[in-house]
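Heads up, the thing below is written out as structure tokens.
Read-outs throughout are calculated quantities, based only on the coordinates presented, and are distinct from any laboratory measurement. For clarity, every value in this text was computed on a predicted model and none was experimentally measured. Cβ: placed from backbone, ideal geometry, glycine included. Neighbour counts: every protein chain shown.
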Amino acid sequence: MPPYLFPGSGKLKIAALAGNQKAKKTKTGGKAVLLKGGSFTAKFEVDRPAQTLPPLPPDSDKTAQYSGTGMFVTTNMKLTGS
């Protein structure tokens, strides 16, 4: 987003899944599989902040962490989990 036009980088971490996003029965490697469902809550931890580009004076985004929501999207049309 302007004025930070040179992208930064970071890690997206899921803080909490919705109740219908973790399988109760279907497992792989002994762990429950993740399912398409409601929205999870997530946080993005900035490793390298976004920067301004010339002719603007040098500046970087000062926000170290962002919070938000997301959802899983699948292209699987054959298998179902529960």
message: Name the single residue that is farthest from K62 (Cα to Cα) among those in segment 25-47 being of a type in the set (K, R) and surrounded by 11 or more Cβ atoms within 10 Å (Cβ to Cβ).
response: K27
message: Looking at segment 28-76 only, could you name the residues that are part of a loop (DSSP other than H, G, I, E, B), more than 12 Å from the chain's Cα centre (by Cα) and under 23 Å from L17 (Cβ atoms)?
response: G29, G30, L35, K36, G37, G38, V73, T74, T75, N76
field: Every residue from segment 48-79 that is surrounded by fewer than 10 Cβ atoms within 10 Å (Cβ to Cβ), polar (S, T, N, Q) and in contact (Cβ under 8 Å) with a residue 24 or more places away in the chain
entry: S67, T74
query: If you go through segment 1-23, how many residues are within 18 Å of the chain's Cα centre (by Cα) and not small (G, A, S)?
result: 10
query: Which of the residues that make up segment 18-27 are in contact (Cβ under 8 Å) with a residue 40 or more places away in the chain and outside any strand (DSSP E or B)?
result: Q21
